[in-house]
1. Got a sec to turn the phi values of region 134-143 into Karplus ³J(HN,Hα) couplings, 6.51 cos²θ - 1.76 cosθ + 1.60 with θ = phi - 60°, whole Hz, x for Gly and Pro?
2. For Cα pairs less than 8 Å apart in space and 6+ apart in sequence, what is the mean separation divided by the residue count of region 407-450, i.e. the relative contact order in percent?
3. So if R0 is 60 Å, what FRET efficiency would residue 256 and residue 82 give, r being the distance between their Cβ atoms, rounded to the nearest 0.05?
4. Roughly how many nanometres apart are two label points built 7 Å out from the Cα toward the Cβ at residue 233 and residue 162?
5. When a/c reaches 1.5 or more, the comparison of a/b and b/c decides; with that in mind, is region 334-465 rounded, prolate or oblate per its Cα gyration tensor?
6. Round to a whole angstrom and tell me the spacing of the C-alpha centers of region 299-354 and region 375-410.
7. For q values of 0.09, 0.20 Å⁻¹, compute log₁₀ I(q)/I(0) with the Debye formula on a Cα-only model of region 1-155, without solvent.
8. If R₀ is 56 angstrom, what is the calculated FRET efficiency for the pair residue 112 and residue 288, using the beta carbon separation as r and rounding to 0.05?
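Nothing in this text is a laboratory measurement; each read-out follows from the coordinates by a stated rule. Because the structure is a prediction, the values reported are computed rather than measured. With ideal geometry, Cβ positions are generated from the backbone for all residues, glycine too; neighbour counts draw on all protein chains shown.
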Amino acid sequence: MSVQPRVVIIGAGPAGLTAAYQLVKDGVTPIVLEADDVVGGISRTVERDGWRFDIGGHRFFTKVPEVEALWHEILDEDAFLTRPRMSRIFYRGQLFDYPLKAFNALRGLGLVEAVRCVLSYVWARISPPKDQSHFEGWVSARFGRRLYGIFFKTYTEKVWGVPATEIQADWAAQRIKNLSLLTAIWRAIVPQHGKKDVTSLIEEFQYPRLGPGMMWERCRDLVLERGGEIRMRTAVVGIEHSSCRATAVLVERDGVVERIECDEVISSMPIGELVRVMSPSPAPDVVTAAKRLRHRDFLTVALVVPKSAGFPDNWIYVHEPHVRLGRVQNFGSWSPFLVKDGYTCLGLEYFVNVGDDLWTMADDDLVAFATRELEALNLVKPGAVSAGYVVRMPKAYPVYDEEYVRNVDVLRSWLGVSATNVQPVGRNGMHRYNNQDHSMMTAMLAVENILKDAGHDLWAVNVEEEYHEEVSPSEKATPKTGRDAPVLPRRLVLPEDDDDRDEVLAG
């Protein structure tokens, strides 16, 4: 390009910083706007008194060659550790393998309960739930209502704060291995030798030794070194648009509002907020769709305990309804460089809403509350906790309720006609359960759209149904990090006729 495009990137998480890095490598110097004072979004690493906390746990695994290459381009090889993978479910004082293994689950439940679970599954096969459009119906049809109630219902409702009947089935398809109890038992009984289609979970993954924030802090530095601009504590308060294009971004910092002209915008801010700050404002039905997109917020209470009080798992899912704890991390199992000699740090995760009782509770009271829950579960002995810290993360998870697909489609269609140079990327930017590699891929393709006029349809970068880190036997020969690549987008070809073009963009 003879003239550099003026590119504004909203958000300095994995998607935003990936886009910025790809641009500066090509000689384009973007302006990155970040409302927080820390880069990395939910992939940040928080440090308190020498302890480091990963917000949610981020395994570095992908089958996308471009993403794999970029990770190792940003960080030197010696920055990565190879870590063993392990996670389990805590239920009634016992630990069960996760993802579920049929015999392990049934044996751990005891003979009577195992028989009940099998009979419940048989009944689900004879008379499957009529409505499988939601999480409860989808899972009950594949595992039976009793196993669903034990191993799926409690944790899911803790995460989302609503009944499982209000969560759409596509969440289940993304998060739960796509098999039934019968096929799980069959695979456990029948030898699978010679079957090339059988997959197994990866046994290890990559992880930056100082946590995922190490990746994004280094990416930030590289962007700055190559001339890019990153403005922290800078909130986007308006986006001017005319003639179907965004023309300027309005930002506020320390009470001062500034107008930044733009040719292109890459946005990872929540898509609902993105549309709501557009000026002039969209039609009322579009604004209503934007307001109806919801998020779930998140907080971690990190408790310092002796190393002996830890566990080998990266995390444990807590399926006990009498505690509010949803999941507990052992940061020492992620990296010994996150913790101190002789100790580890357990991250107790609570899924909340901004403004509720846990979110507004004082830090000291939260530490005491989390300590009591951990002791009540007998995961640590009384008196084992020597220190605690609290980290709050708003808008951690887009909510997948029964309206979200329609609402996202309304916003996507409006942007495709009224702000054609605005490209939403990443998890919140697209209101999708994008993992880190998917978010990076959307950003990389957005940059190609700007620099090469590639015409990629970013909405075609899908989260695959098989969420879990699985690898086929043929892939084991070449150590990779695990998951199926996202579906790569087709080139979006637009008709020359304006009416036909609008119809295509509107989907």
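1. In residue order, the calculated couplings are 10, 4, 4, x, 4, 6, 4, 5, 9, 10 Hz.
2. Reported relative contact order: 31 percent.
3. For R0 = 60 Å, the calculated efficiency reads 0.80.
4. With each label point 7 Å from Cα toward Cβ, the separation is 3.6 nm.
5. The shape class here is prolate.
6. Comparing the Cα centres of region 299-354 and region 375-410, I get a distance of 12 Å.
7. One equal scatterer on each Cα of region 1-155 leads to -0.56, -1.22.
8. Here the calculated transfer efficiency is 0.65.
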